[in-house]
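Notes follow once the structure below has been shown.
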Amino acid sequence: MARKYFGTDGIRGTTNVSAMTAAMAMKVGMAAGAHFARGDHRHRVVIGKDTRLSGYMLENAMVAGFTSVGMDVVLVGPMPTPAVAMLTQSMRADMGVMISASHNPYADNGIKLFGPDGYKLSDEDELAIEALIDGEVRLAASANIGRARRVEDARGRYIHAAKSTFPEDLTLDGLKVVVDCANGAAYQVAPSALWELGAEVIAIGVTPNGKNINDGVGSTAPETLCETVVASGAQIGIALDGDADRLIVVDETGRVIDGDQLMALIAGGWARQGRLAGGGLVTTVMSNLGLERHLAAQGLGMVRTAVGDRYVLEKMRSSGYNVGGEQSGHIILSDYATTGDGLVASLQVLAELVRAGAPASEVLHRFDPLPQILKNVRFKGGKPLDDARVQDAIAGAEAELDGKGRLVIRASGTEPVIRVMAEGDDRGQVEAVVDRICDVVREAAA
């Protein structure tokens with residue numbers, strides 16, 4: 001059954017439009033609170049947010065919704081998504097909420113929900129909550145309305161948890177690190193954790209004003225990080241996205257290292273240490289074929305899922321893997337976290353760098369990726385992928401690439417965009433295939 005409000009990563013949209021209004025946020029709070037009101041104990045929800053201007057409005061609306069159905073609220077302020085997941089579990093809350101639109105511009109916002117175990121909700125839970133959003137929710141009696149309070153030590157709790165994932169026998173002493181926090185949720189915790197572990201830290205993207213999140217900084221705009229790393233003589237640069245569940249790294253030459261290379265690095269290191277579960281890693285259909293070949297050469301496997309870290313995690317949990325993620329930089333290390341955690345993943349990368357004692361340009365480049373072209377086609381409405389012309393073009397491209405490459409066409413789960421990706425040994429052929437399909441999709445979407 002298709003979901004009405006939830007996409008691949010919660011509910012997301014332009015603020016004060018459609019699903020991202022205060023009224024809708026209050027309904028989500030009421031519905032989610034009612035759904036997780038199980039048992040006769042005092043129920044509790046942890047709410048975090050990133051640094052968007054609209055976060056104040058949506059936070060207050062959700063507090064009203066949760067308290068109206070009798071759930072107490074713990075507010076932790078601007079915190080990374082993985083921190084909210086961790087705090088939900090460690091504080092024995094009944095659920096957690098992260099108000100963020102991740103890497104999207106400030107005008108967008110979103111709502112991500114976690115269960116009491118700190119994991120993102122199942123499709124079944126989301127469908128049940130959607131039914132309550134569109135239905136009637138029983139309000140609490142006057143004497144049972146929930147209370148709201150702020151927790152002042154939430155940042156310290158998360159910093160301690162993140163630092164504890166770094167090997168005890170290693171230190172970051174003598175390492176100059178540039179960290180770009182995207183003017184987002186990790187602007188305080190990430191620089192602090194790295195400094196406390198011994199690094200010389202140069203922090204950028206740490207002056208949020210409500211409107212500059214992901215604006216020319218962060219994992220989706222690494223140019224400033226690249227320039228800063230080279231200009232400062234840093235050994236490595238780390239870029240997080242707006243809610244810090246995504247990681248991109250820059251080596252000392254200013255070259256961007258994507259999630260595929262980072263997963264190869266971590267999986268290889270963990271395999272050598274005898275701690276890689278499942279005999280490989282889990283990633284999505286978007287990961288480069290070069291990664292798959294690299295792992296196979298080491299006797300390691302790779303399982304692909306649909307795009308979305310929730311699907312990666314589902315496969316990890318069902319099949320016993322402890323490393324997984326996406327090319328975009330969502331890296332899940334289930335020994336430490338229940339969702340993607342950019343800071344924790346960066347600490348594992350830094351540990352490999354320290355162990356190797358070699359330049360990042362050598363340590364981080366694990367394989368030569370195949371030529372891969374990804375282009376986005378924005379559309380206003382409808383379902384362009386259902387158009388017969390588009391389906392014919394896709395079928396023709398698949399036949400052309402048969403045995404020589406891969407083609408992945410999908411609609412984004414977070415914005416009105418069709419993503420067209422192809423990869424293969426022949427760059428010219430791959431580019432031609434992608435351009436041809438994009439042209440047909442634009443025609444169908446016009």
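So, with +1 on the Cβ of K and R and -1 on the Cβ of D and E, and no other charges, what is the size of the charge dipole of segment 282-419 about its Cα centre, to the nearest 20 debye? Intermediate results must be reported in sequence, preceding the final value.
On the way: 16 positive and 16 negative charges, 44 e Å.
Computed about the Cα centre, the dipole is about 220 debye.
Wrap a convex hull around the Cα atoms of the chain, take a quarter of its surface area, and give that in square nanometres.
Average of the hull's projected areas for the chain equals 21.3 nm².
For the chain, modelled as a Gaussian network with Cα springs under 10 Å, which listed residue fluctuates most, 123, 40, 335?
Highest fluctuation of the listed residues: 40.
Looking at 253, 16, 381, which one has the Cα that reaches farthest to the positive end of the dipole of the chain (charges on Cβ: Lys, Arg +1; Asp, Glu -1)?
It is 16.
When the chain is treated as a GNM, springs tying every alpha-carbon pair under 10 Å, which of 428, 308, 216 comes out with the largest mean-square fluctuation?
428
Helix check for the chain. Which DSSP H runs span at least 18 Å along their own axis by Cα, with a mean Kyte-Doolittle hydropathy no less than 0.5? Don't skip to the end; give the middle numbers.
Details: long enough: 22-35 (20 Å, 0.91); 54-68 (21 Å, 0.45); 259-272 (19 Å, 0.41); 342-356 (21 Å, 1.37); 388-401 (20 Å, 0.19); 427-445 (27 Å, 0.11).
Span-like helices in the chain: 22-35, 342-356.
Rounded, prolate or oblate: pick one for segment 70-157, where a ≥ b ≥ c are the square roots of the eigenvalues of its C-alpha gyration tensor, a/c under 1.5 means rounded, and failing that, prolate if a/b is larger than b/c, else oblate.
Working: a/c = 1.60, a/b = 1.15, b/c = 1.39.
Because a/c hits 1.5 or more and a/b fails to exceed b/c, segment 70-157 counts as oblate.
Would you mind working out the accessible area per residue for the chain, using a 1.4 Å probe, and quoting it in Å²?
On the way: 17750 Å² over 446 residues.
Solvent-accessible surface per residue comes out at 40 Å².
Determine the dipole magnitude for segment 1-145: charges of +1 sit on the beta-carbon of Lys and Arg, -1 on that of Asp and Glu, nothing else is charged, the reference point is the Cα centre, and the result goes in debye to the nearest 20. Present the calculation step by step, with values, prior to reporting the outcome.
Details: 13 positive and 15 negative charges, 51 e Å.
The calculated dipole for segment 1-145 is roughly 240 debye.
If each DSSP helix of 4+ residues adds -39,500 (n - 2.57) and the sum is divided by the residues in the chain, what number results at 222 nm, nearest 500 deg cm²/dmol? Each step should come with its number before you reach the end.
Details: 14 runs with 164 residues, N = 446.
That calculation yields -11500 deg cm²/dmol at 222 nm.
List the longest stretch of the chain that has no exposed loop site; here a site is one of the GluC sites (Glu not before Pro) assigned by DSSP to anything other than H, G, I, E or B, with at most 13 other Cβ within 10 Å. Numbers along the way, then the final one.
On the way: sites that count: 136, 152, 168.
Longest gap between qualifying sites, sites excluded: 169-446.
If I take the Cα coordinates of segment 1-144 and project them onto the principal axes, what are the three extents in Å, biggest first?
Over segment 1-144, Cα extents along the principal axes are 41, 32, 29 Å.
Would you work out the relative contact order for segment 1-147, in percent, from Cα pairs under 8 angstrom that are 6 or more residues apart?
Working: 285 pairs, mean separation 45.0, N = 147.
Dividing the mean separation by the residue count of segment 1-147 yields 31 percent.
Treating the beta-carbon of each Lys and Arg as +1 and of each Asp and Glu as -1, no other charges, what is the dipole magnitude of the chain about its Cα centre, to the nearest 20 debye?
Approximately 1080 debye in magnitude.
Any number yet on Rg/Rh for segment 1-85, C-alpha, Kirkwood? Present the calculation step by step, with values, prior to reporting the outcome.
Details: Rg = 13.0 Å, Rh = 13.5 Å.
Using Cα coordinates only, the ratio equals 0.96.
Please list the non-local residues whose amide H lies under 5 Å from the amide H of residue 72, H modeled 1.01 Å from N, same-chain partners needing a gap of 5 or more.
The answer is 43, 44, 45, 147.
Tell me the Kirkwood radius of segment 374-446: reciprocal of the mean inverse pair distance over distinct alpha-carbon atoms, in Å.
On the way: mean 1/r = 0.0819 Å⁻¹.
Evaluated over segment 374-446, this radius sits at 12.2 Å.
Go ahead and set up a Gaussian network model of the chain, Cα springs under 10 Å, then flag whichever of 271, 193, 399 fluctuates most.
Looking only at 271, 193, 399, the largest GNM fluctuation is found for 399.
Provide the convex hull volume over Cα atoms per residue for segment 286-384, in Å³. Working shown, then result.
Numbers: hull volume 15.2 nm³, N = 99.
Convex hull volume per residue, Cα atoms: 154 Å³.
The values are calculated or read from the model by the stated rules, or taken from the named source; none is laboratory data. Quantities reported herein were computed from a predicted structural model and do not represent experimental measurements. Neighbour counts run over all protein chains shown; Cβ positions are idealised from the backbone, glycine included. To get the accessible areas, we keep the full protein, side chains included, count just its heavy atoms, and leave off ligands, DNA and RNA. Shrake-Rupley method; radii C 1.70, N 1.55, O 1.52, S 1.80 Å.
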